[in-house]
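Everything on this sheet refers to the single structure shown next.
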Amino acid sequence: MTTLFGKTKANSIQLIALGFAGIILLGALLLSFPISNRGGDSLPFLDALFTSTSATCVTGLVVHDTYTQFSIFGQIVILCLIQIGGLGFMTVATVFLMMARRKIGLSERGILTESVNAFHIGGIVRLIKRVVLCVAIFEGTGALLLALRFCPTLGFFTGVYYAVFHSVSAFCNAGFDLMGRVAPYVSLIPYQSDILVNLTIMALIVIGGLGFVVWDDIIEHRHHWTRYKLHTKIILTSTVVLIAGGAVLFYWMEERNTLAGMTPVGKVLASLFQSITPRTAGFNTVDIATLTEGGTMLSMLLMLIGASPGSTGGGIKTATVVVILTATVSYIRGDDDINIFRRRLEGSILKKAYCSATIYVVLALLGTFLLVSLQGLPAKDAAFEALSAIGTVGLSTGITRELNALSRAVIILLMYSGRVGSLTLAMAIMSRVSRKNGLKNPEEKIMIG
């Protein structure tokens, strides 16, 4: 295969995995330089690698507060890593190729199709152009709205910079913030009752988490629901259900705990925010460490589900969960097919959904086990941290900074596999192991259930 990287024997899935790894290593190198740090000292490479992975994989877990540790140069490096990680390195590379008026070959189009989870290779360049335009509009609008709040308190230039940084971070579902200016590691708690900041950040998170293909479908068919692709209908419906259901449950579980003392508007905003942010955003407007057991479990469930395919977010993905649940109901009812919105799903999609979810859950459990065994962390905190990492969420009960070197390495691998995709990573590793020879083994029954 000949691509913009030159001649290579790697397939498109392996190139995506290698591309993200290359960006992470470059970012780690830059962040380790003295110029990237406020004190003028070099940052230990493992800390730099952790931060670079978290930014490129749009996670938001940090071992150092972004504002107090990193200089303006370091913060801009992190911002660039977030933008590249959110869009995908192939999308960014394609933009530069188009600016240089270079032809996008068939191989590059194939990799782009895999990168954004598009259905067809045809029209992929048009889709990328539309995606880049939409990103500029969404992030620009978000920055403008946030500037209305930040500029009066921080000054014009600092306010604009903060607005741009948080708009990009929210849209890419990254969760990095600069609120260390107020106090380290507080995220958006100082703005928990601010309607403008909350609604803007929430809107950016949700839009970024819908997926590029969904944007394209909405732009193409506007408000005509019946014309939307089945994928778009599933994503929009599941997103609304998860946001509304999550907010109601969070309010019910935390009304007398983290929401106590807030105004009615503040309680609603915090409930909505904590329903949206666990699905891979990483910002928080309440102290995660003080959540009730129910609130913690709800957050972990939302982290497990995550955002939608082909978006800036992670998780098992909404469409995958919907397919699995619908298939389960169909089997219980004795239906031969899986039907959603008067459409029948192809048989292979169920196999892919179960494989993706199984690998994801196994990695999350393995990560939890390693965190407990390597450092003796409480099982609940370890499970929360592992799900946050592989779901590219960024929420934490406060143990991230206490992780030892081996535990940080585990989190780095979980963040990487979560952004590249657990199934994609497994396919990239195993693609040369199996070979189809046309022969089938004898069939035999086993007992299930």
Discussion item. Quick check on Ile243: is it among the β-branched types (Val, Ile, Thr) and within 28 Å of Thr226 (Cα to Cα)?
Written reply: yes
Fill in: Of residues in the range 321-336 being of a type outside the set (Val, Ile, Thr) and within 26 Å of Val361 (Cα to Cα), the one surrounded by the most Cβ atoms within 10 Å (Cβ to Cβ)
Ala327
Discussion item. Please go through (1) assigned to a helix (DSSP H, G or I); (2) buried (at least 16 other Cβ atoms within 10 Å of the Cβ) for Val63 and return the number of the only condition it doesn't satisfy.
Written reply: (1)
Discussion item. Against the definition (more than 17 Å from Ala357 (Cα to Cα), in contact with a Ser or Thr (Cβ under 6 Å, 6 or more places away or on another chain) and either part of a helix (DSSP H, G or I) or among the hydrophobic types (A, V, I, L, M, F, W, C) (or both)), how does Met253 come out, yes or no?
Written reply: yes
Fill in: In the range 299-310, the residues that are modelled with pLDDT under 90 and either assigned by TED's automatic domain parsing to the domain that holds Val323 or touching a Ser or Thr at 6+ places or on another chain (Cβ under 8 Å) (or both)
Ala307, Ser308, Pro309
Worksheet item: Which condition does Gly209 not pass, out of (1) part of a helix (DSSP H, G or I); (2) touching a Phe, Trp or Tyr at 6+ places or on another chain (Cβ under 9 Å); (3) at pLDDT below 95; (4) closer than 30 Å to Phe50 by Cα, if it passes all the others?
Response: (2)
Worksheet item: Failed condition for Lys233, given (1) over 24 Å from Gly394 (Cβ atoms); (2) in contact with an Asp or Glu (Cβ under 9 Å, 6 or more places away or on another chain); (3) in contact (Cβ under 8 Å) with a residue 24 or more places away in the chain, with all others met?
Response: (2)
Discussion item. Take the conditions within 21 Å of the chain's Cα centre (by Cα) and surrounded by fewer than 23 Cβ atoms within 10 Å (Cβ to Cβ) and apply them to Leu199. Does it pass?
Written reply: yes
Worksheet item: What do you reckon, is Gly313 surrounded by 22 or more Cβ atoms within 10 Å (Cβ to Cβ), outside any loop (DSSP other than H, G, I, E, B) and within 19 Å of the chain's Cα centre (by Cα)?
Response: no
Worksheet item: Among the residues of the range 383-409, how many are outside any loop (DSSP other than H, G, I, E, B) and not hydroxyl-bearing (Ser, Thr, Tyr)?
Response: 13
Item to complete: For Ser275, indicate whether it is crowded, with 23+ Cβ neighbours inside 10 Å and in a helix (DSSP H, G or I).
Response: yes
Worksheet item: Being basic (Lys, Arg), at positive phi and free of Cβ contacts under 8 Å to residues at least 60 places away in the same chain, is that true of even one residue in the range 255-265?
Response: no
Worksheet item: Given Thr68, Thr91, which one is buried (at least 18 other Cβ atoms within 10 Å of the Cβ), part of a helix (DSSP H, G or I) and either in contact with a Pro (Cβ under 6 Å, 6 or more places away or on another chain) or modelled with pLDDT under 85 (or both)?
Response: Thr91
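Yes/no per residue for (1) of a type in the set (A, V, I, L, M); (2) crowded, with 20+ Cβ neighbours inside 10 Å; (3) not in a helix (DSSP H, G or I):
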{"residue": "Thr237", "(1), (2), (3)": "no, no, no"}
{"residue": "Gly245", "(1), (2), (3)": "no, no, no"}
{"residue": "Leu259", "(1), (2), (3)": "yes, yes, yes"}
{"residue": "Val265", "(1), (2), (3)": "yes, no, no"}
{"residue": "Arg279", "(1), (2), (3)": "no, yes, yes"}
Discussion item. Restricting to the range 23-71, give me the number of residues that are among the small types (Gly, Ala, Ser) and in contact (Cβ under 8 Å) with a residue 40 or more places away in the chain.
Written reply: 5
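Yes or no, residue by residue, for (1) farther than 27 Å from Tyr251 by Cα; (2) polar (S, T, N, Q); (3) touching a strand residue (DSSP E or B) at 6+ places or on another chain (Cβ under 8 Å):
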position: Asp287; (1), (2), (3): no, no, no
position: Thr292; (1), (2), (3): no, yes, no
position: Ala319; (1), (2), (3): no, no, no
position: Ser348; (1), (2), (3): yes, yes, no
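The values are calculated or read from the model by the stated rules, or taken from the named source; none is laboratory data. These figures come from a predicted structure and were not determined experimentally. Here Cβ is always computed from backbone atoms with ideal geometry, including for glycine, and neighbour counts include all displayed protein chains.
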